[in-house]
Amino acid sequence: GGSSDGGIGTMSLYLTDAATEEYSAVYVTIDEVQVHQGDADGEADEDGEWTTVATPETTYNLLELVNGVMEQLGLTNLPAGVYTQVRLYLGDTPDTGRNILNGSHPFANYVIDTDDNEVHELKVPSAYQSGIKLVHEFEVLSGRTIELILDFDASASVFKAGQSDQYILKPVIKIVDTAGNAIVSGTVTGPNNTEGIRVSAQTFHPAATDEKDRVQIAASTLTDEDGR
């Protein structure tokens with residue numbers, strides 16, 4: 001029994017990242033994300049039911065997902081109740097999209113250097129073949145949408161192995177629960193092209209001594225081709 005008999009809620013899953021200047025692109029391919037429903041005391045039963053909540057099979061440039069920009073990985077209905085784990089599977093086949101050099105993706109996971117545009121494949125340690133497990137408790141409520149953001153820290157996840165010139169991907173991902181966050185949406189309209197306009201939410205600190213500290217950007221995003 002318990003709260004898991006409370007009908008169906010919805011989970012919206014997003015991907016975001018923090019900025020880094022070392023690379024001009026960090027590409028990762030995400031195939032699938034699953035969640036695990038825990039029992040009443042929050043413990044997850046390893047052999048229990050894992051539910052797939054996203055199958056993007058998409059190659060993302062994490063460095064495009066900074067300053068509050070997010071990419072939706074999936075939207076799915078889930079039985080209401082408490083969930084305790086998230087599992088993310090990296091892919092080994094890139095999608096058919098173009099990279100920032102306007103070429104097709106040479107690898108599923110790779111970086112492009114800032115200074116010379118050199119491409120380095122990211123080797124994924126075999127430990128991650130069974131998925132990257134993230135422990136994070138969240139509750140799906142009947143008739144409500146919960147948003148989870150996977151914050152994939154690109155600069156902390158890429159390692160250069162000694163002199164061997166091997167680049168290794170050890171994913172550092174934290175889950176951000178937006179239960180306490182507000183979501184603002186809208187459309188920018190105007191006589192000209194409304195794509196690529198930066199819209200930001202700012203906090204004002206009039207007492208700050210230094211003028212540039214008076215306005216701080218809390219989150220920002222770029223509009224799409226429809227001005228959204």
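The values are calculated or read from the model by the stated rules, or taken from the named source; none is laboratory data. Remember, it's a predicted structure, so these values are computed and weren't measured experimentally. Cβ: placed from backbone, ideal geometry, glycine included. Neighbour counts: every protein chain shown. Accessible surface is based on the protein model in full, side chains and every heavy atom, while ligands, DNA and RNA are left aside. Shrake-Rupley method; radii C 1.70, N 1.55, O 1.52, S 1.80 Å.
Just grab the label-to-label distance for Glu57 and Ala156, each label 7 Å out from Cα along the Cβ direction, in nm (one decimal).
Modelled inter-label distance: 3.2 nm.
Mind counting lysine pairs for me in segment 100-198? Cα separation below 18 Å, and the two need to be 8 or more apart along the chain or on different chains.
5
Report the charge-dipole magnitude of the chain in Debye, nearest 20, computed about the Cα centre from +1 at each Lys and Arg Cβ and -1 at each Asp and Glu Cβ.
Using only the charged Cβ atoms, the result is roughly 420 debye.
How big is the chain by the Kirkwood estimate over distinct Cα pairs, in Å?
19.6
Quick check for you: which residues of segment 210-226 have the amide N under 20 Å from the point 7 Å beyond the Cα of Leu75 toward its beta carbon?
Label zone hits: 221-226.
Could you tell me what fraction of 2.2 N^0.38 Å the Cα radius of gyration of segment 80-185 comes to, as a two-decimal ratio?
So the Cα radius of gyration is 1.34 times the expected 2.2 N^0.38 Å.
Taking +1 at the Cβ of each Lys and Arg and -1 at the Cβ of each Asp and Glu, which of Val188, Phe152, Asn117 sits farthest along the dipole of the chain towards its positive end, judged by Cα position relative to the Cα centre?
Of the listed residues, the answer is Val188.
Apply the Debye scattering formula to segment 135-200, with a single equal point scatterer on each alpha-carbon and no solvent, then give log10 I(q)/I(0) at q = 0.22, 0.28, 0.29 Å⁻¹.
-0.98, -1.19, -1.23
Relative to the compact-globule scaling 2.2 N^0.38 Å, provide the ratio for the alpha-carbon radius of gyration of segment 20-149.
1.21
So, with a 1.4 angstrom probe, what is the percent of accessible area on the chain that is carbon and sulfur?
The nonpolar share, carbon plus sulfur, comes to 46 percent.
Report the label-to-label distance for Ile217 and Thr194 in nanometres (one decimal), using points 7 Å from each Cα along the Cα→Cβ vector.
Modelled inter-label distance: 2.1 nm.
In whole angstrom, note down how far apart the Cα centers of segment 193-228 and segment 116-176 are.
Centre-to-centre (Cα) distance: 28 Å.
Mind checking which of Tyr14, Thr96, Leu134 is farthest towards the positive end of the chain's charge dipole, using Cβ charges of +1 (Lys, Arg) and -1 (Asp, Glu) about the Cα centre?
Value: Tyr14.
With a 1.4 Å probe and all protein chains left in place, how much accessible area per residue does the chain have, in Å²?
Solvent-accessible surface per residue comes out at 56 Å².
Over the alpha-carbon set of segment 176-228, work out the extent along each principal axis and list the three values in angstrom, largest first.
Taking the Cα atoms of segment 176-228, the three principal extents are 39, 31, 13 Å.
Could you pull out the longest piece of the chain with no exposed loop GluC sites (Glu not before Pro) in it, calling a site exposed if DSSP puts it outside H, G, I, E, B and it has at most 14 other Cβ atoms within 10 Å?
119-194
Could you work out the helix-only [θ] at 222 nm for the chain, with each DSSP H run of four or more residues adding -39,500 (n - 2.57) and the total divided by the number of residues, to the nearest 500 deg cm²/dmol?
When only DSSP H runs of four or more count, the value is 0 deg cm²/dmol.
Between Ala208 and Asp113, what FRET efficiency comes out of the Förster formula 1/(1 + (r/R0)^6) with R0 = 35 Å and r the beta carbon distance, rounded to 0.05?
0.40
For Asp95 and Glu137, compute 0.36 nm times the residue count separating them, minus their Cα-Cα distance, and round to one decimal in nm.
12.0 nm
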